Amino acid sequence: MGNEIQGAMMSEAITGMIDEVIVVGAGVSGLVAAYRLMKKGHRVRVLEAAPQAGGVMVSGRRDGMLWESGPNSGMDTTPLINELLDSLGIREQRADARKIADRRFIVRGGRLVPLPMSPLAFLSTPLFSAGTKFGLLREPFIARSSPESDESVAAFVRRRLGSEFLDYAIEPFVAGIFAGDPEQLSVQAAFPKLFALEQRYGGLIRGLILGARERKRQREKSKNNARSFSFNDGMQTLTDALVRGLTAANGVVETGVRVTAIAGETEGGWTVHGVRGDEQETTYRARSVVLATPADAAAVLLASLKMPWDNGGAQALGDAAQALREIPYAPVSIAISAWRREAVTHSLDGFGFLVPRKENKNILGTLFSSSMFDHRADEAHAVLTTFIGGMRQPELPGCDDGALREMAESELASLIGVKGTPLWTKISRHPRAIPQYTFGHLDRVRRVEAVRKHAPGLFFCANWRGGISVSDCIKNGYQTADDIDTFIASCPAS
Ligand SMILES: Cc1cc2nc3c(=O)[nH]c(=O)nc-3n(C[C@H](O)[C@H](O)[C@H](O)COP(=O)(O)OP(=O)(O)OC[C@H]3O[C@@H](n4cnc5c(N)ncnc54)[C@H](O)[C@@H]3O)c2cc1C
C-alpha cells in the first residue's frame, strides 16, 4: 500500500468536515472497531503511523512459500469471526487448519513428545510421571482460591495440577501464547476462563465438563476445541479486506500519519493532531476517538492530553498514562526458514513444538507452518517459524541476524533433524511483541478506563486489554464499536 492516502481523506481534511469517529492505529483491533462503526452508519477515519495498515499482521510469499511475520493463525472461538468474514466477502478464502495440526509436540529430554489429546493418551504419555497423572484425581477436591486473589499462573497450576504439569504443559504453552513467564502472569487477567472455571465450578475438570454444555448453549467454543483458521494467502488477508471494506464505503484509512496529540474541545468532541511522513502537520476533529495503539503509544497520547473543562480529570489522566506505561511487553524475534523437504528428518505431522524452560534451549518453539494449512509450500518444501526470546530470554531477540539464524538452525538440527542450511531465512523482529498481563493488570486496566469518566467520547481498543489473541481483538473491536454507537446516540444532535 505504501505511504498512501486512501479514500476521500484529502477533501474531508481540507474542508474541515468533522468525522464522527477517529480510530488511532490500524491493527486488527482498530480496523474491526472502525469497520463495525462504518456498518452502523458512522463516518470513520483510521489514522495509522506505519506506511501499511494491519499492525503486526504481515504475510508474504517467497519462492511460492508463505511466511507470516505476525500471527500464523486465529482460533475460531466465536461466531463473530464468520459473521465478519461473510460481511467482508472473504469467507471463501478462509483456510482451516489440517487435521494433523491438532497434534502438538512438547520437548522433553531433547525429544519431541506429542501432547496427549485424550484421557487414554494422557495415561500412556511419557510426558508426565505416574505421580502427576494420578495427582489429577485430587484436582476436583482442591478448594478454590479467593475471588479477590491475584494469583500467578504458575501458583494456580502448581496448586491444582502439580509442578510437573506446570513445567511440561503450562509453562511452554504460556511461552507459546504470551511469550511470557507464568510466575509473573496473573491467572485472572491472562487466562480469565481458566480462573472462572475454578470460581464457578470449583475445579478445572468439573468446569471443563459443565462449561462445555454452557458454551454449546452460547454457540461459543473453548480455545481447546476451536479450529485454527487462516486464509489461503495468510492472515494479512483479513486486515487488507477490512481496509478495502472501509474505503469502499467512504470510510478513510490514512497510513503514514503518526498521531502526536489529542485534545478535548470545549463544546464536546476532540481534536486530533498528527504528523505525516514528510513531517507535515495535520489536524482532524471528531466526536469520539479510539486509541487502538499499543500501551506505550496510548500512554504518550494520554500524558499530553489537554481537556478544556475542569472536572478533576488531570490526576486521572496522569494515573492512566502511568498505568499504561507499567504494562510490560515481551520481546520476540522470529526466524522463518525455508527447507527442501528432504533436508528435514522429522515427519512435521503437527502444528509444531514448544520448548519448556527446563530444557535449556535457545528457542521458545517452532511452528510447522507449511504443515498447518494447505497451500503454504509444495510437497518438496517446508517452512518453519521459530520463536526466540520472550520473557524467558529477553536478551536474545536483540542478537544480530546471523546469530538468530544460527540459534534457530542448531536447535532445529538437534530437535527435528534438519540437515545443512535452509534455502532462505527471514528474520522478523518484535521488540515489543506481546503485552504481559502480569500481577495487577486488571487494576491497571481499571485505572486506564477510569479516565473515560472525565473524557467523554474517548475509548480504548487494543490487545493490552481483553485478550491478546486475534479472536479476542475481533471481539473487543465489536464491543468497542457498540459502546461508541451508544455514546454517539446519547450525544445531543449537532
Ligand atoms: C509475533 C507475533 C505472533 C503472534 N501470533 C499469534 C497467533 O498465532 N495467534 C493469535 O491469535 N495471536 C497472535 N499474536 C497476537 C495478535 O496478533 C495481536 O495481539 C494482535 O494482532 C494485535 O492487534 P492490535 O490491533 O491490538 O495491535 P497492533 O497490531 O500492534 O496495531 C496497533 C497499530 O497502532 C499503530 N500506532 C501506534 N502508535 C500510533 C500513533 N501514535 N499514531 C498512529 N498509529 C499508531 C501501530 O503502527 C500499529 O499498526 C501474535 C503477535 C505477535 C507480535
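A few points about this structure:
- Just one of the listed residues (Arg447, Arg452, Arg465) is closer than 22 Å to Leu302 by Cβ, away from the ligand (no atom under 16 Å from the Cβ) and at pLDDT 95 or above, and it is Arg447.
- Any hit, segment 312-323, residues being away from the ligand (no atom under 12 Å from the Cβ), modelled with pLDDT of 95 or more and within 20 Å of Ala49 (Cβ to Cβ): yes
- Within segment 55-74, the set of residues being more than 7 Å from the ligand (Cβ to nearest atom), touching a helix residue (DSSP H, G or I) at 6+ places or on another chain (Cβ under 8 Å) and assigned to a loop (DSSP other than H, G, I, E, B) comprises just one member, Val58.
- Condition met for Ser490 (surrounded by fewer than 22 Cβ atoms within 10 Å (Cβ to Cβ), of a type in the set (S, T, N, Q) and within 25 Å of Phe173 (Cβ to Cβ)): no
- Only residues that are in a strand (DSSP E or B) and not polar (S, T, N, Q) were counted in segment 333-351, giving 7.
- Residue match in segment 471-484 (condition: over 30 Å from Phe368 (Cβ atoms), modelled with pLDDT under 95 and surrounded by fewer than 21 Cβ atoms within 10 Å (Cβ to Cβ)): no
- Scanning segment 271-282 for residues that are more than 14 Å from the ligand (Cβ to nearest atom) and either of a type in the set (S, T, N, Q) or surrounded by 15 or more Cβ atoms within 10 Å (Cβ to Cβ) (or both) turns up Thr271, Gln280.
- Selection status of Leu47, crowded, with 20+ Cβ neighbours inside 10 Å, in a helix (DSSP H, G or I), in contact with a strand residue (DSSP E or B) (Cβ under 8 Å, 6 or more places away or on another chain) and on the phi < 0 side of the Ramachandran plot: no
- Residue list for segment 224-262, restricted to those being part of a loop (DSSP other than H, G, I, E, B) and over 14 Å from Val46 (Cα atoms): Asn224, Asn225, Ala226, Arg227, Asn232, Asp233, Gly234, Met235
- Segment 301-310, residues that are in a helix (DSSP H, G or I) and away from the ligand (no atom under 12 Å from the Cβ): Ala303
- The lone criterion from (1) closer than 29 Å to Ala189 by Cα; (2) within 26 Å of the chain's Cα centre (by Cα) left unmet by Ser87 is number (1).
- Residue count, segment 425-465 (criterion: on the phi > 0 side of the Ramachandran plot and surrounded by 18 or more Cβ atoms within 10 Å (Cβ to Cβ)): 1
- Whichever residue in segment 13-42 is surrounded by 18 or more Cβ atoms within 10 Å (Cβ to Cβ) and of a type in the set (D, E, K, R) and, among such residues, is modelled with the highest pLDDT: Arg36
- Set side by side, the residues Val300, Val290 differ, and just one is touching a Cys at 6+ places or on another chain (Cβ under 8 Å) and not assigned by TED's automatic domain parsing to the domain that holds Ala403, which is Val290.
- Taking every residue in segment 105-131 that is in a loop (DSSP other than H, G, I, E, B) and pairing it with any residue that is aromatic (Phe, Trp, Tyr), at least 6 positions away or on another chain, the pairs with Cβ-Cβ distances below 6 Å are Pro116/Phe122; Leu127/Tyr168.
- The listed residue being within 20 Å of the chain's Cα centre (by Cα), buried (at least 16 other Cβ atoms within 10 Å of the Cβ), part of a helix (DSSP H, G or I) and within 11 Å of the ligand (Cβ to nearest atom), out of Ala298, Ala330: Ala298
The values are calculated or read from the model by the stated rules, or taken from the named source; none is laboratory data. Owing to the predicted nature of the structure, the values given are computational and were not obtained by experimental measurement. All Cβ positions, glycine included, derive from the backbone under ideal geometry; neighbour counts span all protein chains shown.
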